[in-house]
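Readers should treat all values here as calculations from the given coordinates under stated rules, not as data from a laboratory. The model shown is predicted, which means the values in this text are computed figures rather than measured ones. Quick reminder, even Gly has a Cβ in these numbers, built from the backbone with ideal geometry, and neighbours come from all protein chains shown.
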Ligand code: SAH
């Protein structure tokens, strides 16, 4: 694999991300939200993620802004990045399909929200955020630049740290004992470990 192929893999991943997400985004528009925590912090976290995952890579390829931080491309890193990106897409698609109409881009409870404990949610509570970590790792492996490559590890790290606790509290407030029992049986991100 060369640097251009790695960039094309990255772009294909970005397009696949949109193809997977779009139907859920459309469907979510028609499902009434009964409680939400969409505050300024949530909006900034989402904006920061978009900047690092899409705007920075595209700016890097279209301009010379980040060129000073380039390092030589390693084909083995590129190949590993493609494998990690494929794992991201699988987990991302699976978690959307398991969540179905309960999915939201932010912290929201919808009318007729049900607690999902099956599919990938049987093993971990945050498979979609686990997929984001894989996506960020794939970016670090596929883009040989000290700034643009690891940028999403920072934004996904912030998103995960700031959001997962609040989300679990929201789910606890909504589902009480049912969520507590579910949380006791599952790990957050890595089955059986964390
Ligand atoms: N943290 C989860 C979901 C991310 S989508 C993951 O990483 O896979 C965020 C929305 O999913 C939240 O607003 C919440 O309403 C909903 N949600 C999270 N866990 C859920 C579950 N087990 N069942 C149903 N909805 C859930």
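Under the 0.36 nm per residue contour assumption, what length would be gained going from the current alpha-carbon distance of residue 37 and residue 161 to full extension? Walk me through the intermediate numbers first.
Numbers: separation 124, 0.36 × 124 = 44.64 nm, distance 1.57 nm.
Taking 0.36 nm per residue and subtracting the Cα distance, the gain is 43.1 nm.
With kT/(6 pi eta Rh) evaluated at 10 °C and eta = 1.306 mPa s, and Rh the Kirkwood radius from Cα pairs, segment 3-185 diffuses with a coefficient of 91 µm²/s according to Stokes-Einstein.
Give the angle, between 0 and 90 degrees and rounded to the nearest 10, that separates the Cα long axis of helix 3-29 from the longest principal axis of the Cα atoms of the chain. Once rounded, the angle reads 20 degrees.
Determine how many Å³ per residue the convex hull of the Cα atoms of segment 1-98 encloses.
Numbers: hull volume 12.6 nm³, N = 98.
Spread over its residues, the Cα hull of segment 1-98 gives 129 Å³ apiece.
Give the order of 103, 90 when sorted by the count of other beta carbons within 10 angstrom, beginning with the fewest. Please list the in-between numbers first.
Details: 103 20, 90 13.
Fewest to most other Cβ atoms nearby, the residues stand as 90, 103.
Just 161, 170, 128 to compare: in a GNM of the chain, with alpha carbon springs under 10 Å, which one fluctuates most? Highest fluctuation of the listed residues: 161.
Remark: relative contact order (the chain) = 30 percent; criterion is Cα-Cα distance under 8 angstrom and separation of 6 or more residues.
Find the relative contact order for segment 54-150 and round it to a whole percent, using C-alpha pairs within less than 8 Å whose residues are 6+ positions apart. Numbers along the way, then the final one.
Values: 88 pairs, mean separation 42.3, N = 97.
RCO, segment 54-150: 44 percent.
The spacing between segment 42-95 and segment 129-144, judged by their C-alpha centroids, is 6 Å. Restricted to Cα atoms, segment 151-194 shows a radius of gyration and a Dmax of 12.3, 38 angstrom. The ranking of 40, 85, 91 by Cβ neighbour count inside 10 Å, starting from the fewest, reads 40, 91, 85. Dividing the helix sum by the residues of the chain, where each DSSP H run of 4 or more adds -39500 (n - 2.57), gives a mean residue ellipticity at 222 nm of -21000 deg cm²/dmol. To the nearest ten degrees, helix 151-175 and the longest principal axis of the Cα atoms of the chain are 10 degrees apart.
Can you sort 164, 131, 155 by how many other beta carbons sit within 10 Å, fewest first? The partial results should precede the final answer.
Numbers: 164 15, 131 24, 155 21.
Ranked by crowding around the Cβ, least crowded first: 164, 155, 131.
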